[in-house]
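So the structure is just underneath, and the comments pick up after that.
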């Protein structure tokens, strides 16, 4: 009798323990959504039974300002201040240390709890267990219902991979005006779709974004220069000021990446600003010049108008392909609205049978508005 009673007590204790620990544990999450759209992250981790994503990337997605002062990272939004001290490894809110770790550093990168940062800036989080997805949303913002969003998740996550049919043509996605926080997001999107692109960086921004540049190089993308300043009055003041902007930009790329970059994209394109003297300077210094076949006009639109960017690309690529173009160069920018449109652009291109490539110096393609084969 005593033996039976002991077994019964052990069973009750183990049942209670397993139920409490089971509710505390969080199922692995592989996707994060914001309102009605899946977001792209370079990594998603479950740490201490809590889903965490790179701080820099979610800050860009949710427009959360943060800054780093020596060993302390600060997040300030909606009147609150959250900080993480790398020395003590403590997270604090408004100067008071928390008794848990919503922010952690892994392999030199800061990760933050999705649920924590969402709740602190006024959002809610809904978990879709079957789809391994957490959705960040606000009740008072227009969004589709959770039921319809689950249908959307099933459709998008179960979509078959693009067919391996013969490529229709090569497409080169090119991004101007980085590096910045949107460069990091665009790079993570490209990585998700296992595709490459070409980035034209501004020298003055490169100095502040070494980690982003290293990621772009590591993931196999080509970096060219877009001048040092993008200031039309400085760049095109004279042939000397023009070539100096290009030379300084490529020197900086060499210094920071070890790569020789001879491909340039001039601010606002080669027409009407590039003079014959400026063109001659490019040739004399061994540079190649890329303009574009398809202008997405992404700079014109807001995040809510990202579908117009997608449509511009579709129309432009169709037109270029039907004209016989086998190497189609698309102009994009490292901006918020472009990050919204990019997944749809890539999916469409892949499903249509195009091959996405990065610039290859050994197989240079002539594409400039001057129609100059020396460039």
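The values are calculated or read from the model by the stated rules, or taken from the named source; none is laboratory data. Every value quoted in this text rests on a predicted model; they were computed, and no experiment measured them. For neighbour counting, all protein chains shown are included, and Cβ atoms are generated from backbone atoms with ideal geometry for every residue, glycine included.
Criterion first (in contact with a strand residue (DSSP E or B) (Cβ under 8 Å, 6 or more places away or on another chain), at pLDDT 95 or above and outside any helix (DSSP H, G or I)) does residue 338 satisfy it?
So residue 338 does not fit the description; no.
Where residues in the stretch 246-262 are touching a strand residue (DSSP E or B) at 6+ places or on another chain (Cβ under 8 Å) and more than 16 Å from residue 179 (Cβ to Cβ), which of them is surrounded by the most Cβ atoms within 10 Å (Cβ to Cβ)?
Of everything passing the filter in the stretch 246-262, 246 is surrounded by the most Cβ atoms within 10 Å (Cβ to Cβ).
Looking for whichever is assigned to a helix (DSSP H, G or I), assigned by TED's automatic domain parsing to the domain that holds residue 178, at pLDDT below 95 and in contact with a helix residue (DSSP H, G or I) (Cβ under 7 Å, 6 or more places away or on another chain) here; the options are 259, 234. Which one fits? If you could, list the steps in order and put the result at the bottom.
On the way: 259 fails: assigned to a helix (DSSP H, G or I).
Selected residue: 234, the only one of 259, 234 that is assigned to a helix (DSSP H, G or I), assigned by TED's automatic domain parsing to the domain that holds residue 178, at pLDDT below 95 and in contact with a helix residue (DSSP H, G or I) (Cβ under 7 Å, 6 or more places away or on another chain).
Considering the stretch 47-72 alone, what residues qualify as being under 13 Å from residue 91 (Cβ atoms) and modelled with pLDDT of 90 or more?
Correct list: 50, 52, 55, 72.
Answer yes if at least one residue in the stretch 305-316 is in a loop (DSSP other than H, G, I, E, B) and surrounded by 15 or more Cβ atoms within 10 Å (Cβ to Cβ), and no otherwise. First the steps, then the outcome.
Just the residues of the stretch 305-316 that are in a loop (DSSP other than H, G, I, E, B), to begin with: none.
Scanning the stretch 305-316 turns up no residue that is in a loop (DSSP other than H, G, I, E, B) and surrounded by 15 or more Cβ atoms within 10 Å (Cβ to Cβ).
Hey, residue 184 hits all of (1) surrounded by fewer than 18 Cβ atoms within 10 Å (Cβ to Cβ); (2) under 17 Å from residue 57 (Cβ atoms) but one; which does it fall short on?
Exception for residue 184: condition (1).
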